[in-house]
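Scroll down for the structure; my scribbles are underneath it.
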Amino acid sequence: MAAATKSTAGSGTKSASRSRGAAKSAAPAIVEFDKDQELHAYREMLQIRRFEEKAGQLYGMGLIGGFCHLYIGQEAVVVGMQMAKVDGDQMITGYRDHGHMLAMDLDPKGVMAELTGRRGGLSKGKGGSMHMFSKEKHFYGGHGIVGAQVSLGTGLGFANKYRENGNVAMAFFGDGASNQGQVYESFNMAQLWKIPVIYVIENNKYGMGTSVERSSANTDLSQRGASFGIPGEQVDGMDVRAVMAASQKALEHCRSGKGPYILEMITYRYRGHSMSDPAKYRSKEEVQKMRTEHDPIEQVRKRVLDNGWATEDELKALDKDVRAIVAEAAEFAQTDPEPDVSELYTDILL
Amino acid sequence: MPIDILMPALSPTMEEGKLAKWLKAEGDSVTAGDVIAEIETDKATMEVEAVEEGTIGKILVPEGTDAVKVNEKIAILLEEGEDASALDKASEAAAPAQSAPAGKENAEAETAAPLPAAPVSSEPADDPEIPDGTPMKSSTVREALRDAMAEEMRRDGDVFVMGEEVAEYQGAYKITQGLLAEFGDKRVIDTPITEHGFAGMGVGAAMAGLKPIVEFMTFNFAMQAIDQIINSAAKTLYMSGGQMGAPMVFRGPNGAAARVGAQHSQDFASWYASVPGLTVIQPYSAADAKGLLKAAIRNPNPVVFLENEILYGQTFEIPDMDDFILPIGKAKVERTGSDVTLVSWSIGMTYALKAADQLAEQGISAEVINLRTIRPLDIDTVIKSVKKTGRLVTVEEAYPMCSVSSEIAFQVQEKAFDYLDAPILRVTGKDVPMPYAANLEKLALPNVQEVIDAAKAVTYTA
């Protein structure tokens, strides 16, 4: 834990300097955001945070069933990547997917209504928390089998190359999934065929209840592509600026035909693995330390205030805005009817 | 003692081949390892090496001879010190020639002693999908599959094929022969041996709108990838509320080949057929293979297309028309009959049709239905026939438990209970892992006699 915490405590380049493999790539220096970027990042991350807090509440009220994996703490990863990508670049991820969908500009009402299993949900209530998609927004799910999205995301990148459309696929997965066999089958093919795909390892330090140290022989996950010659780097995933800079570099690498790239985002989830996880495998102090010292949203907030780009009151108003959007989504998700029973047998075959 | 040189088997399923060329002449001396001849099958050309040293005494099969059976004597090798006079003795000794052990045809040939009975009708039926007067041509199943892929790839640039050895090697079973030359390596892609990874990649490409044909060298290896086939390909359309699915084909040989043992001899039809979101096809003839593979490639859903290695080299008549396509989910009545309905598919059809012939000689008229598609199951065609015959026997090579036969029997009792005059019987592979020993393997698979016995049992003529 200490090592991982250290890497987020310092600058993103600190851990990257512990170079081991030839493919190890130095993280770019932090590029300061301008006012618009800071405020955009702040709002996007805040919306994910407030949305997830609300989802947690609704789960507690029994309105959301089954599994519900919250993204709280990891917001900078998806927002920083979203800020770096261009239109048409695809995202695909595992089951901790609410943040990705909001960052990909999917309607919060549709996401929340899917969590409650209503007809206005993005998958008409038939997918649930783990399974949402949007062809229009280039979001390809929402997958419940750990690691499956890595091969699928490689296929999205393959389609980009086949069509020569210049787009890049971003396949998100966790430190836990990084030990799955098909991840390496995919790495091999992606590098062999120079597929434009970024493998984004969201290392939140625990695969469910098992820490990276207890599950992984080599805990520097950015080097998991070394034997294939895939460049990789560790990124301070709590700093949205570091994420965006690293993502731009990786996107450029992929877009220029050099093949895949690995970004290990050092991040942290504040909540348990899912709503039913009391997270007894880590100390309250550990969580508290991350929240107070490295919170991705607080970092931006502080910079905005220090630079005089917004006042406390203006940020409060922004927060109120976001809360209203989330409240509206929650209201919709509770009043929207369940799917018509006729939907049981639709969407099985075209 | 002169040594017989026999026609070798180049693969587990080879039954005969062409003796293309002799590289040694009578009187030439050879040492072990020398290439003495070249032989060809529909799949490949191979060299025959001498395994002993000596002198070629006599060439029994001239070069250019087609259809030389495996284990047929093709030449005689004289050992050191022997001369041509030894040849005469050799031919006497060889008189009780070895019977060829390879291939299933032999297993099927051992059938019932003919019983005298008035021949009845079990007539070949026309395929309603083929317009009257369409000219026909001969095609192997292998060629039909290749032609189906080539035609669809010409028609649609989004169709591509990927798998192990599909490109430069021309296919482990030569199904993709010639495709690389025509379509290039962008669309005919050799993958590493990573079924799970490339199946998932194929599904991802399909979700992005391409139309992959993912070839598994055999479906035994597709078990490595079954998560992606079921959890990703089959379910995405539903999970996305209809927004995106996986328009693609998973294809390759399925079921038992010959003498390849337990891990390479399993029919997975019932596994895939139990999954909503998948379409499952098992062709029998070359026409089935071509018409249904083309339909599968055009289908917007994930299709599991289960071929059979034994059938690859078999030749059938196939309609000679521009764009021959068969409807998915429709069975074909291959023979019309009145006493008993035999339902089968894929290689099971070879037993069912032979049984129907012999049953006809014994006065039992069998209707034979070729299912063609397993899911969706054309139960209506089966029911219609059962209503006519009152008796049903299913024939397949898969294990009996939870088999496609089980499902057919269930649906028939549910929908045509009052029409049944006898319990439904299944002829299936036995409930054991496939043994290697030739005699045990033969026992583990169904045979024609079992089909005849079942038909007689349900018609109470046993």
| request: For segment B:145-177, name all the residues that are part of a helix (DSSP H, G or I), among the basic types (Lys, Arg) and surrounded by fewer than 22 Cβ atoms within 10 Å (Cβ to Cβ). | output: B:Arg154, B:Arg155
| Does A:Ile348 satisfy the criteria of being surrounded by 11 or more Cβ atoms within 10 Å (Cβ to Cβ) and within 14 Å of chain B (Cβ to nearest Cβ)? | yes
| query | In this structure, does A:Lys320 turn out to be over 21 Å from A:Gln74 (Cβ atoms), over 20 Å from the mean Cα position of the chain (by Cα) and among the charged types (D, E, K, R)? | reply | yes
| request: Answer yes if at least one residue in segment B:14-31 is buried (at least 17 other Cβ atoms within 10 Å of the Cβ) and touching a helix residue (DSSP H, G or I) at 6+ places or on another chain (Cβ under 8 Å), and no otherwise. | output: yes
| query | Could we say that A:Thr116 is out of contact with any His (no Cβ under 6 Å at 6 or more places or on another chain) and facing another protein chain (nearest Cβ under 7 Å) here? | reply | no
| Set B:Ala205, B:Ala167, B:Ala199: member being touching a strand residue (DSSP E or B) at 6+ places or on another chain (Cβ under 8 Å), within 20 Å of B:Asp42 (Cβ to Cβ) and within 14 Å of chain A (Cβ to nearest Cβ) | B:Ala167
| note | By residue number, the members of segment B:27-84 that are of a type in the set (S, T, N, Q) and assigned to a strand (DSSP E or B) are B:Ser29, B:Thr45, B:Thr55, B:Thr65
| Failed item in (1) farther than 21 Å from A:Gly153 by Cβ; (2) assigned to a loop (DSSP other than H, G, I, E, B); (3) of a type outside the set (Phe, Trp, Tyr); (4) at pLDDT 95 or above, with B:Val260 passing the rest | (4)
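For (1) free of Cβ contacts under 8 Å to residues at least 40 places away in the same chain; (2) within 14 Å of chain A (Cβ to nearest Cβ); (3) among the small types (Gly, Ala, Ser), each residue gets a yes or a no:
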site	(1), (2), (3)
B:Ser232	yes, yes, yes
B:Leu237	no, yes, no
B:Gly241	yes, yes, yes
B:Pro247	no, yes, no
B:Phe250	no, yes, no
B:Ala257	no, no, yes
B:Gly261	no, no, yes
B:Asp267	no, no, no
B:Ser270	no, no, yes
| field | Within segment B:301-326, tally of residues that are touching an Asp or Glu at 6+ places or on another chain (Cβ under 7 Å) and either farther than 21 Å from B:Ser138 by Cβ or buried (at least 23 other Cβ atoms within 10 Å of the Cβ) (or both) | value | 1
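Please pick out the residue among B:Ala416, B:Ala422, B:Ala398 that is in a loop (DSSP other than H, G, I, E, B), free of Cβ contacts under 8 Å to residues at least 40 places away in the same chain and not basic (Lys, Arg).
On the way: B:Ala416 fails: in a loop (DSSP other than H, G, I, E, B); B:Ala398 fails: free of Cβ contacts under 8 Å to residues at least 40 places away in the same chain.
Residue meeting the stated conditions: B:Ala422.
Is it fair to say B:Asp190 is more than 23 Å from B:Ala295 (Cβ to Cβ) and out of contact with any helix residue (DSSP H, G or I) (no Cβ under 7 Å at 6 or more places or on another chain)?
yes
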| message | For A:Leu102, only one of the following conditions fails: (1) surrounded by fewer than 22 Cβ atoms within 10 Å (Cβ to Cβ); (2) away from chain B (no Cβ under 11 Å). What is its number? | response | (1)
| query | Are any of the residues in segment B:209-226 modelled with pLDDT of 95 or more, assigned to a helix (DSSP H, G or I) and within 7 Å of another protein chain (Cβ to nearest Cβ)? | reply | no
| For B:Gly242, all conditions in the list (1) touching a Lys or Arg at 6+ places or on another chain (Cβ under 9 Å); (2) at negative phi hold save one; what is the number of the exception? | (2)
| task | Please work out which one of (1) touching a Ser or Thr at 6+ places or on another chain (Cβ under 8 Å); (2) without any contact (Cβ under 8 Å) to a residue 40 or more places away in the chain; (3) more than 9 Å from chain B (Cβ to nearest Cβ) is the condition A:Ala84 fails and give its number. | result | (2)
| For B:Leu293, all conditions in the list (1) within 14 Å of another protein chain (Cβ to nearest Cβ); (2) buried (at least 24 other Cβ atoms within 10 Å of the Cβ); (3) in contact with a strand residue (DSSP E or B) (Cβ under 9 Å, 6 or more places away or on another chain); (4) in contact (Cβ under 8 Å) with a residue 24 or more places away in the chain hold save one; what is the number of the exception? | (1)
| query | How do the helices (runs of 4 or more DSSP H) wholly within segment A:125-227 filter down when requiring 1 or more residues that are at the interface with chain B (Cβ under 10 Å from one of its Cβ atoms): which remain? | reply | A:148-163, A:181-192
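Tell me, yes or no, whether segment B:422-431 has at least one residue that is hydrophobic (A, V, I, L, M, F, W, C), in contact with an Asp or Glu (Cβ under 6 Å, 6 or more places away or on another chain) and closer than 11 Å to B:Ser344 by Cα.
yes
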| task | Would you mind finding the one in B:Ile374, B:Ile379 that is in contact with a helix residue (DSSP H, G or I) (Cβ under 8 Å, 6 or more places away or on another chain), surrounded by fewer than 21 Cβ atoms within 10 Å (Cβ to Cβ), over 13 Å from B:Thr459 (Cα atoms) and hydrophobic (A, V, I, L, M, F, W, C)? | result | B:Ile379
| note | Of the candidates B:Ile369, B:Ile347, B:Ile374, the one satisfying the condition of being under 14 Å from B:Val404 (Cβ atoms) and without any contact (Cβ under 8 Å) to a residue 40 or more places away in the chain is B:Ile369
| Residue list for segment A:70-90, filter: surrounded by fewer than 24 Cβ atoms within 10 Å (Cβ to Cβ) and touching a Lys or Arg at 6+ places or on another chain (Cβ under 6 Å) | A:Ile72
| query | Do the conditions hold for B:Ala150, that is, is it over 29 Å from A:Val168 (Cα atoms), away from chain A (no Cβ under 14 Å) and out of contact with any Lys or Arg (no Cβ under 6 Å at 6 or more places or on another chain)? | reply | yes
| buried (at least 24 other Cβ atoms within 10 Å of the Cβ) and either under 17 Å from B:Ile374 (Cα atoms) or modelled with pLDDT of 95 or more (or both), is that true of B:Met244? | no
| field | Sole residue being surrounded by fewer than 24 Cβ atoms within 10 Å (Cβ to Cβ), more than 22 Å from A:Ile230 (Cβ to Cβ), free of Cβ contacts under 8 Å to residues at least 40 places away in the same chain and over 20 Å from the mean Cα position of the chain (by Cα), chosen from A:Arg119, A:Arg163 | value | A:Arg163
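The values are calculated or read from the model by the stated rules, or taken from the named source; none is laboratory data. Keep in mind that this is a model prediction, so the values were computed, not measured. All Cβ positions, even for glycine, are placed from backbone atoms using ideal geometry, and neighbour counts span all protein chains on display.
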